[in-house]
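Scroll down for the structure; my scribbles are underneath it.
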There are 2 protein chains.
Amino acid sequence: MNFKIDNLQYSNWSRKIFEINREAGLDAVHVTIVYHEDFDELQVVINTWNKHFEENHDLIFLGKNFKDIEKAKSENKTAIFYGFQNCSPIEDDIGLIEKVHEQGCRFMQLTYNNQSLLATGCYEKNDSGVTNFGKEAIKEMNRVGIVIDMSHSAEKSTLDAIEISEKPIAITHANPSFWHSAKRNKSNELLKNLSDSGGMLGLSLYAHHLKDGTNCTLESFCEMTAKTAEIMGVKNIGIGSDLCLNQPNKVVEWMRNGTWAKAKNYGEGTKNKPGFPKQPDWFIDARGFKNLENGLKKAGFNQEEVSGILGNNWYNFYKGIN
Amino acid sequence: MNFKIDNLQYSNWSRKIFEINREAGLDAVHVTIVYHEDFDELQVVINTWNKHFEENHDLIFLGKNFKDIEKAKSENKTAIFYGFQNCSPIEDDIGLIEKVHEQGCRFMQLTYNNQSLLATGCYEKNDSGVTNFGKEAIKEMNRVGIVIDMSHSAEKSTLDAIEISEKPIAITHANPSFWHSAKRNKSNELLKNLSDSGGMLGLSLYAHHLKDGTNCTLESFCEMTAKTAEIMGVKNIGIGSDLCLNQPNKVVEWMRNGTWAKAKNYGEGTKNKPGFPKQPDWFIDARGFKNLENGLKKAGFNQEEVSGILGNNWYNFYKGIN
């Protein structure tokens, strides 16, 4: 059985978007539900998601494990898996890791760009690796079944996390830096370590992570995928589109600056282009999976490999979470 | 006019302790009011302090600036200055720095032993220095008038803070490592940098920071003070006793472990001696200031220098805070 999975979306959720994901045939989506929210603020977000599930029960439901991906497929729905892009919701409390897992959290980044209590982000000058609390948190995340996500982390911290974690970790949304040297993209060495340990890379379709940005061609993206497969093997690659549909620009400003700075940081943008970048025309939304399928075949992948990249690889990874 | 100041106490506060501090002639005490409490928890602690001030208005009042030290002297009271041993109360919000200043905070450590959002603590394996948020926080602390305290921070983070801060910083309670190489004690290079920038060192009377611990002699302590004065100059040294009177041992366990670990960390203690260490018999409580006065004179300091170390130096430092 083949599954289609987008392992990172952070859209301004609406029935329309859930319909698009269904139209794209997505059996599962890992959705970012919080960035810098603390535990109390997380509760408000979960209330909003409970409303989404109630109002759109014909399209979506909360996924807890890989069986829910199978269930989604058989019911023509999309299983929604919760993830956090920062560790803010666990605050400084190891006990909150089990609680957020009970509430559905299955992926948590140890840091988002800046230093967190757990590890260093890719926008810091120095990277001290996984901290004392970080080591404890990884152990606890392994125990309860939350995947360590290092998409926005710095290199040493990521290598540390791979080494410390007893379960494979994930980089849910980033690209290799050999193709496009964005701060968020990852080195060959790191990608090799990731796949050697059974970890997954979700290739990103966010323009700032793409060679030539919005003008990136499907061919270029698929050639990059082929080269990445040479480094990592074809079974450790999936899609984490990083789609941010219908988000107002103030959201990306908040993602980058949170509440910790008075000065503005433009992150991957610039002062003149501070907002969300435009998607490339072959991946406006998840329906672009169809274009990816064609493009990957043209780049030389066989049908099984394409199915792996578009969902089965993530499905197999989910099997190991719990 | 001479002032006596103890620039760090964290006792289990009671009228009895306020009386002892008066008996010792303390015009001002910088008290630790929180370690790992967040902003909401800080409010509860401040309520408790408001009760202390109400019930003991003949002994103490909340100090806001150096003039309150003069006022305390003239009224035979002790001015209480609030300080935080960790940056937890500002959470991830730069705006909370001004709020905690309004509530009386005058000293804040950027980190307590472990990595914080602002800097690295002395118990971490690697020290990445002051973080992006840390730089913003220092600027804001400078602006509103909160002293950067690096007592429990790692070396590079402390050197960074000295360099970044536009106002002198403090190490409110620690000793030089040339005398006793505890993790918390400080290198000559760091102490030199501190005094060159106008910063203050508060010498600690906490047994784990003392050569020979509880059995440390007054003579040894005062000789160390003399050698420290050779490195730092005599005007940049004060007392930050770190007295933790009547605290139950569960408090030191919480100080060391907070809520971030399931495994126990014994910090400066050991598994067999996990609790608060005993004070040396010449400094059971603040009345030991009298012994310090005699000891420092015997070690060769003149009266003016002794008065500086026992309070005037801190008084002069307070003049520069606001």
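The values are calculated or read from the model by the stated rules, or taken from the named source; none is laboratory data. This is a predicted model, so every value here is computed, not measured. All Cβ positions, even for glycine, are placed from backbone atoms using ideal geometry, and neighbour counts span all protein chains on display.
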Does A:GLU166 meet the test of being within 13 Å of chain B (Cβ to nearest Cβ) and in contact (Cβ under 8 Å) with a residue 24 or more places away in the chain? no
From the set of residues in region B:222-271 that are among the polar types (S, T, N, Q) and within 14 Å of another protein chain (Cβ to nearest Cβ), which is nearest to the chain's Cα centre (by Cα)? B:ASN257
Counting only residues that are of a type in the set (Ser, Thr, Tyr) and in contact with an Asp or Glu (Cβ under 9 Å, 6 or more places away or on another chain), which one in region A:66-97 is nearest to the other protein chains (Cβ to nearest Cβ)? A:SER88
Which ones in region B:143-154 are among the aliphatic types (A, V, I, L, M), within 12 Å of B:ARG106 (Cα to Cα) and more than 13 Å from chain A (Cβ to nearest Cβ)? B:ILE146, B:VAL147, B:ILE148
Scan region B:5-56 for residues that are hydrophobic (A, V, I, L, M, F, W, C) and over 16 Å from B:ASP68 (Cβ atoms) and report the count. 12
Checked region A:28-80 for anything touching a strand residue (DSSP E or B) at 6+ places or on another chain (Cβ under 6 Å) and within 23 Å of A:TRP254 (Cβ to Cβ); matches are A:VAL29, A:HIS30, A:VAL31, A:THR32, A:ILE33, A:VAL34, A:LEU42, A:VAL45, A:ILE80
Just to be sure, is A:ASP160 closer than 19 Å to A:GLY267 by Cβ and among the acidic types (Asp, Glu)? no
Of the residues in region A:295-317, those that are surrounded by fewer than 14 Cβ atoms within 10 Å (Cβ to Cβ) and part of a helix (DSSP H, G or I) come to A:LYS298, A:GLN303, A:GLU304
Being aliphatic (A, V, I, L, M) and farther than 26 Å from B:CYS216 by Cβ is the filter; apply it to region B:162-194 and report the residue that is nearest to the chain's Cα centre (by Cα). B:ILE169
Which of (1) more than 9 Å from chain A (Cβ to nearest Cβ); (2) touching a Leu at 6+ places or on another chain (Cβ under 6 Å) does B:SER157 not meet, given it meets every other one? (2)
Scan region A:268-292 residue by residue and report those that are crowded, with 17+ Cβ neighbours inside 10 Å, touching a helix residue (DSSP H, G or I) at 6+ places or on another chain (Cβ under 7 Å) and not in a loop (DSSP other than H, G, I, E, B). A:ALA286, A:PHE289, A:ASN291, A:LEU292
In region B:243-293, how many residues are under 16 Å from B:CYS216 (Cα atoms) and either free of Cβ contacts under 8 Å to residues at least 12 places away in the same chain or of a type in the set (Gly, Ala, Ser) (or both)? 3
Can you name every residue in region B:192-208 that is over 20 Å from B:LYS319 (Cβ atoms), touching a Leu at 6+ places or on another chain (Cβ under 9 Å) and surrounded by fewer than 24 Cβ atoms within 10 Å (Cβ to Cβ)? B:ASN193
Which pairs have Cβ atoms under 9 Å, sit 6 or more apart or on different chains, and link a residue in region B:38-60 that is free of Cβ contacts under 8 Å to residues at least 24 places away in the same chain and on the phi < 0 side of the Ramachandran plot to one that is assigned to a strand (DSSP E or B) and loosely packed, with under 11 Cβ neighbours inside 10 Å? none
Looking at A:LEU210, A:LEU201, can you tell me which residue is at pLDDT 95 or above, touching a strand residue (DSSP E or B) at 6+ places or on another chain (Cβ under 7 Å) and under 22 Å from A:GLU293 (Cβ atoms)? A:LEU201
Please find, among A:GLU55, A:GLU136, A:GLU140, the residue that is surrounded by fewer than 21 Cβ atoms within 10 Å (Cβ to Cβ), more than 13 Å from every other protein chain (Cβ to nearest Cβ) and over 15 Å from A:ILE171 (Cα atoms). A:GLU55
I need every pair where a residue in region B:8-27 that is surrounded by 24 or more Cβ atoms within 10 Å (Cβ to Cβ) has its Cβ under 6 Å from the Cβ of a residue that is of a type in the set (Asp, Glu), sequence separation at least 6 or different chains. B:LEU8/B:ASP242; B:LEU26/B:ASP6
Residue that is farthest from the other protein chains (Cβ to nearest Cβ), among those in region A:100-133 that are outside any loop (DSSP other than H, G, I, E, B) and without any contact (Cβ under 8 Å) to a residue 12 or more places away in the chain: A:GLU102
Region B:33-50: number of residues that are touching a Ser or Thr at 6+ places or on another chain (Cβ under 9 Å) and closer than 15 Å to B:PHE81 by Cβ: 2
Name the single residue, out of those in region A:151-177 being of a type in the set (S, T, N, Q) and part of a helix (DSSP H, G or I), that is farthest from A:TYR206 (Cα to Cα). A:SER157
Please determine whether any residue of region A:295-307 is under 20 Å from A:GLU230 (Cβ atoms) and hydroxyl-bearing (Ser, Thr, Tyr). yes
